[in-house]
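The block underneath contains the structure these notes are about, expressed in structure tokens.
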Amino acid sequence: MNQQIHRLAPVLNTQSYAFDFGKGLETMLKGRDGVFYVFAMIERGNEPGNRSLTLPPELASAGEVEVLFENRVIPVEHGRFPTTSRPSTPTTSTRSPLSAPR
């Protein structure tokens, strides 16, 4: 986990964009060098499980998102992509090389 945080430090140290990805989630949208990252975890008092994250309109045309450190991609359909929150792995990080939200 420390290596992952170290690798993401340049992204984590950027200003977050204001956007709410869905109910029951704590999220951050960060951008660096034309690539955008979504960090998400369940809010306190909410149960783990399947969720669907809605991308900002400026990023909704993405065809897929990459799940960092898991060597897989998730298709984006109609600006949304599914994810599963688990107590043991509370953070989902995705990246998509798209233009900046305005």
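Restricting segment 1-13 to residues that are touching a residue at least 12 places away in the same chain (Cβ under 8 Å) and exposed (fewer than 13 other Cβ atoms within 10 Å of the Cβ), which is farthest from GLU66 (Cα to Cα)?
From segment 1-13, those touching a residue at least 12 places away in the same chain (Cβ under 8 Å) are 4, 8, 10-12; that's our starting set.
Still in the list and also exposed (fewer than 13 other Cβ atoms within 10 Å of the Cβ): 4, 10.
Details: GLN4: 15, PRO10: 18 Å.
Once the filter is applied, the top-ranked residue is PRO10.
Would you pick out the residues in segment 35-53 that are under 22 Å from SER16 (Cα atoms), in contact with a Lys or Arg (Cβ under 8 Å, 6 or more places away or on another chain), surrounded by fewer than 17 Cβ atoms within 10 Å (Cβ to Cβ) and not small (Gly, Ala, Ser)?
Listed by number, the list holds a single entry, VAL35.
Confirm whether VAL65 is surrounded by 16 or more Cβ atoms within 10 Å (Cβ to Cβ) and without any contact (Cβ under 8 Å) to a residue 40 or more places away in the chain. Step through it out loud before you land on a result.
Details: surrounded by 16 or more Cβ atoms within 10 Å (Cβ to Cβ): yes; without any contact (Cβ under 8 Å) to a residue 40 or more places away in the chain: yes.
It is true that VAL65 is surrounded by 16 or more Cβ atoms within 10 Å (Cβ to Cβ) and without any contact (Cβ under 8 Å) to a residue 40 or more places away in the chain.
Name the one entry in GLN4, GLN15 that is out of contact with any helix residue (DSSP H, G or I) (no Cβ under 8 Å at 6 or more places or on another chain) and modelled with pLDDT of 90 or more. Full working, then the answer.
On the way: GLN4 fails: modelled with pLDDT of 90 or more.
From the options GLN4, GLN15, the qualifying one is GLN15.
For segment 18-32, indicate whether the set of residues that are at positive phi, modelled with pLDDT under 90 and touching an Asp or Glu at 6+ places or on another chain (Cβ under 6 Å) is non-empty. Working first, answer last.
First, pick out the residues of segment 18-32 that are at positive phi: 22, 24.
Of the ones still in play, those that are also modelled with pLDDT under 90 are 22, 24.
Those still in the list that are touching an Asp or Glu at 6+ places or on another chain (Cβ under 6 Å) too: 24.
Looking through segment 18-32, at least one residue is at positive phi, modelled with pLDDT under 90 and touching an Asp or Glu at 6+ places or on another chain (Cβ under 6 Å).
The values are calculated or read from the model by the stated rules, or taken from the named source; none is laboratory data. Since the structure is predicted, the reported quantities are computational estimates derived from the model, not experimental observations. For neighbour counting, all protein chains shown are included, and Cβ atoms are generated from backbone atoms with ideal geometry for every residue, glycine included.
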